[in-house]
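Shown next, in structure tokens, is the structure this report addresses.
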Amino acid sequence: PPLHTLRRLRRRHINRIFAGIYSLVVLSLLYHHLNGVVFGPNSFSSFLLFIADVVLAYMWSAMQPFRLNPVVRQEFPENLRASVEPKDFPPIDVFIFTADPYKEPPTMVVNTALSVMAYDYPPEKLSIYVSDDGGSELTMFAFMEAANFAKIWLPFCRENNVQDASPEAYFNSTNYAHNPQIKKKYEDMKSKVETAVARRRVTGEHISGEDERRILSQFSGDGFARQNHPTVIQVLLDSRKDKVNNGGPTPNLIYVSREKSKAVPHHFKAGAINTLLRVSATMTNSPIILLLDCDMYSNDPSTAQRALCYFNSKPIWPNRKNFGYIQFPQRYQGLTEADIYGCEYKMPFRINPRGLDGLSGSNFVGTNGFFRRRIFFGGPSSYIQPEIDNLDPFRVVEGPIDEPEVLEQARFVARSDYENRTKWGSEIGFRYGSLVEDYYTSYRLLCEGWESIFCDPKRAAFLGDVPKSLMDMLAQNKRWCIGLLEVGFSKFSPLTYGIKSMGFLMAQCFAHYAFWPMWCIPIIIYAFYPSIALIKGIPIFPKVNDAWFLVYIFLFVGSYGQDCFEYISNGSTVRGWWNNQRIWLIRGLSSFLFGLIDYISIRLGLTALGFSLTSKVENDEQKERYERGILEFGVASPMFVPAGAAALLNLLAFVWGSVRWANGGEVLTMEILAAGFGVANGLPFYEAMFFRRDEGRILRETLIGCLVVV
């Protein structure tokens, strides 16, 4: 029986025809602008519009390779056991990453770990490594409690065929089979952990033995601080020794906090991943690795078997012999139909990867990826031997994971200075040099000749949380923008190195992401300049009876129509699509713009590169406003000023132009339409500026900044 199938979407033919027609019209418009620059009466306006439309044209053209050959895959994990016995399943190492117990609550991280420990997979072949880059006793304490709770939770999940194996998700779902005993045990565990977090320390009343006291004492040494502490590695569950309540083995559960020193760069998440690659190599060295963010819990216990449908299948695709990893999409719980912050990222996380899969493979999006361990040690035909034998990806580990010499070796490879004079971060492991280590590393791996697969089953394999405030979303986007530009303007730029290494089409896909922040240029021009021209009575667009008017209408309707169709055909709504395009414009006037400015400042040495976590802590009032579809401002930030100023200017221009039109003045139809479009997208700003009185309104300082700009 087949383990998987592949289907090419028929719309690819329409996409190709439309791309050809659209390209010709775009070129004609650029010619029109150039003609206006040289011979027109308003050369400055023509020049600005030319700059805006050149950027738009390039970003649109870089988007087209995604649409040339989109594919959809289907897996049949129920057929896997017909070809492979469970005892022959390959071992899997699962890496879960957290860095701050106050922004990433330990109970959330624990739920993610418990959900993958409950996979429908031989438990003795699962090893869960928790990387705590915050070096916090609170996270350690949470996992000590989780290790005990796992012994009753895992058999409960298997006996009751629990699909959403995150306890928090399960007990809040409609599938919850009433079991007050196990729910009480979970609530007790959760209460103990949250009490410790609220007190910012683990008190004696929660420590139930000398072993727990000894483990937690590792965090109380002299000088132990988040950015300056020794390595802490603790085996919390050992499948060879620990048993669940029904007598079966538990998965391995290992806590890791790598050594930190202020004198040595730690390379953020990429450094944490490389540390776990080395630590796990010394302890289990499983041939398959699953990378997970701390908030991405398993929503389907068959996901590991679904991945094996590709890892154990030949051929995966004709000529795709260099298959290296599988990407499952990021999908989210608690996402409203309106999706006011566009946080579903349907285009980069679900639509575009299908197009990449039809070429050479999807990029990695930071979580939900199953990797061959071998992929991190050179290209398919250029294996790089690691510096010590214990890190060899082909080495088979058979001994206990808690032997003193094993733990000593693990601590050694987790040292802060271990990577000095090695190839880690440059040719081995995750690559350093960008804040978006996921995009950059997968790009480099595909350039080396590896290929990947995008797997998007009907039931979400993983579910995570989304930001519930505009500021959190924009801050996250700004960080991405800086990292993407670091790649776009590096020696590994997709426009140079990428084209040589992976071909033109794949390189354009990665260039589309690398230059995302450049969207701010046309968005700023079109957000401000037509309204300024309308107020001054200067025509910058063709009149309704001019053939070029139809060119503008075709380009606008064609681009927006195709975008809307793709969203709706992938399960979204018209309202969700509208909110997504609005938030895209807001990003262009905030996170894209400020990301570009910060990148330039960093390159000029004016500011230092930093990394800020997106808070996963929910505020009840913020959550209520999010569910009602109300944008959350609530803080004074310069990032709100350009978008707020554009909204006010467009409103002023729309009213001014309409009044002039009503009084028989010159009719500037396209300018009025552009301002009206800005007004329609600015409605949440007007509400937050003038009508709202809740904590999420636009603050006075921000409003004054907007008025000053206008």
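Residues satisfying the criterion are present in the range 576-592 (criterion: of a type in the set (A, V, I, L, M, F, W, C), surrounded by 13 or more Cβ atoms within 10 Å (Cβ to Cβ) and without any contact (Cβ under 8 Å) to a residue 40 or more places away in the chain).
Could you tell me whether Asn477 is of a type in the set (S, T, N, Q) and part of a loop (DSSP other than H, G, I, E, B)? So that I can check it myself, show each step before the final result.
Details: of a type in the set (S, T, N, Q): yes; part of a loop (DSSP other than H, G, I, E, B): no.
It is false that Asn477 is of a type in the set (S, T, N, Q) and part of a loop (DSSP other than H, G, I, E, B).
Taking helices (runs of 4 or more DSSP H) as the structural unit, those lying wholly within the range 598-710 and holding at least 2 residues that are basic (Lys, Arg) correspond to 620-627. Scoring Ser442 on the criteria (1) under 23 Å from Leu291 (Cα atoms); (2) open to solvent by 10 Å² or more (accessible area, probe 1.4 Å); (3) under 24 Å from the mean Cα position of the chain (by Cα) leaves a single failure, condition (2). With respect to (1) open to solvent by 30 Å² or more (accessible area, probe 1.4 Å); (2) over 20 Å from the mean Cα position of the chain (by Cα); (3) among the hydrophobic types (A, V, I, L, M, F, W, C), the lone exception for Trp519 is condition (2).
Looking across the range 356-408, just one residue is closer than 29 Å to Ser302 by Cβ, part of a strand (DSSP E or B) and in contact with a Pro (Cβ under 9 Å, 6 or more places away or on another chain), and that is Arg372. Among residues of the range 407-463 being free of Cβ contacts under 8 Å to residues at least 60 places away in the same chain and charged (D, E, K, R), the one that is farthest from Ala165 (Cα to Cα) is Arg421.
Within the range 7-115, which helices (runs of 4 or more DSSP H) (wholly inside it) include 1 or more residues that are over 31 Å from the mean Cα position of the chain (by Cα) and more than 30 Å from Tyr567 (Cα to Cα)? Quick ask: steps written out before the conclusion?
Numbers: elements: 11-39, 43-63, 65-68.
Where helices (runs of 4 or more DSSP H) fall fully within the range 7-115 and carry at least 1 residues being over 31 Å from the mean Cα position of the chain (by Cα) and more than 30 Å from Tyr567 (Cα to Cα), they are 11-39, 43-63.
For the range 156-168, the count of residues that are open to solvent by 30 Å² or more (accessible area, probe 1.4 Å), of a type outside the set (D, E, K, R), touching a strand residue (DSSP E or B) at 6+ places or on another chain (Cβ under 9 Å) and closer than 30 Å to His266 by Cβ is zero. Close contacts from the range 494-512, counting a first residue that is open to solvent by less than 60 Å² (accessible area, probe 1.4 Å) and a second that is outside any helix (DSSP H, G or I), with Cβ to Cβ under 6 Å and a gap of 6+ residues or different chains, come to Met506/Leu359; Met506/Ser360.
Hey, could you check the range 211-229 for residues that are part of a loop (DSSP other than H, G, I, E, B) and in contact with a Lys or Arg (Cβ under 8 Å, 6 or more places away or on another chain) and say which is surrounded by the fewest Cβ atoms within 10 Å (Cβ to Cβ)?
Filtering the range 211-229 for residues part of a loop (DSSP other than H, G, I, E, B) gives 220-224, 226-227.
Applying the additional criterion that residues be in contact with a Lys or Arg (Cβ under 8 Å, 6 or more places away or on another chain) yields 226-227.
Values: Arg226: 13, Gln227: 11.
Applying the filter and picking the extreme gives Gln227.
Would it be correct to say that Ala196 is aliphatic (A, V, I, L, M), under 19 Å from Met117 (Cβ atoms), surrounded by 17 or more Cβ atoms within 10 Å (Cβ to Cβ) and in contact (Cβ under 8 Å) with a residue 24 or more places away in the chain? Considered against the rule, which asks whether it is aliphatic (A, V, I, L, M), under 19 Å from Met117 (Cβ atoms), surrounded by 17 or more Cβ atoms within 10 Å (Cβ to Cβ) and in contact (Cβ under 8 Å) with a residue 24 or more places away in the chain, Ala196 comes out as no.
The values are calculated or read from the model by the stated rules, or taken from the named source; none is laboratory data. Source: prediction; values computed, not measured. Here Cβ is always computed from backbone atoms with ideal geometry, including for glycine, and neighbour counts include all displayed protein chains. Areas reflect the complete protein model, heavy atoms only, side chains present, ligands, DNA and RNA absent. Shrake-Rupley method; radii C 1.70, N 1.55, O 1.52, S 1.80 Å.
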